[in-house]
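For reference, the structure is listed below as structure tokens.
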Amino acid sequence: MKTYSAQSGYVFQYRYEGHRPFRAGGDGGEEFVFSVSAGSRNGIPVAVRVPAAAIRAWEEKHSRQLSSTERYAIAKMALFQAFDERPTPARMEEKVNVRHADLEAILDALDV
């Protein structure tokens, strides 16, 4: 378990569980699953969805493919962003959907 102190004032514990493809409403991509808790004993699964279309757009713009490590970094940073922005730990039960603009901002922040 790792710990993240969010701007919301909550301290979250999280653990990476794995990733899998997802398909929703004609869109698809990779879904990274984390077990997350904030002061409770039981972790809840939190899915971070990174759409394939956003990955493809970035790769075409930068003429290179993102590695699996870089894709994981996108998901982890999006999870941290959700920790910071969501007002209560209960809101972490909602999926985290990475938008194209989020992906660009995360990769810029990581200097990728």
Review point. For LEU103, are the conditions met, namely being touching a residue at least 12 places away in the same chain (Cβ under 8 Å), hydrophobic (A, V, I, L, M, F, W, C) and closer than 23 Å to ALA24 by Cα?
Key: yes
**Study point:** Given (1) within 12 Å of the chain's Cα centre (by Cα); (2) β-branched (Val, Ile, Thr); (3) at pLDDT below 95, index of the condition VAL50 fails
**Key:** (3)
Exercise for review: Any chance you could count how many residues in the range 57-77 are closer than 29 Å to VAL36 by Cα, part of a helix (DSSP H, G or I) and not acidic (Asp, Glu)?
Suggested key: 10
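The values are calculated or read from the model by the stated rules, or taken from the named source; none is laboratory data. Quick caveat, the model's predicted, so the values are computed rather than measured. Don't worry about glycine lacking a Cβ; one is built from the backbone with ideal geometry, like all the others, and counts go over all protein chains shown.
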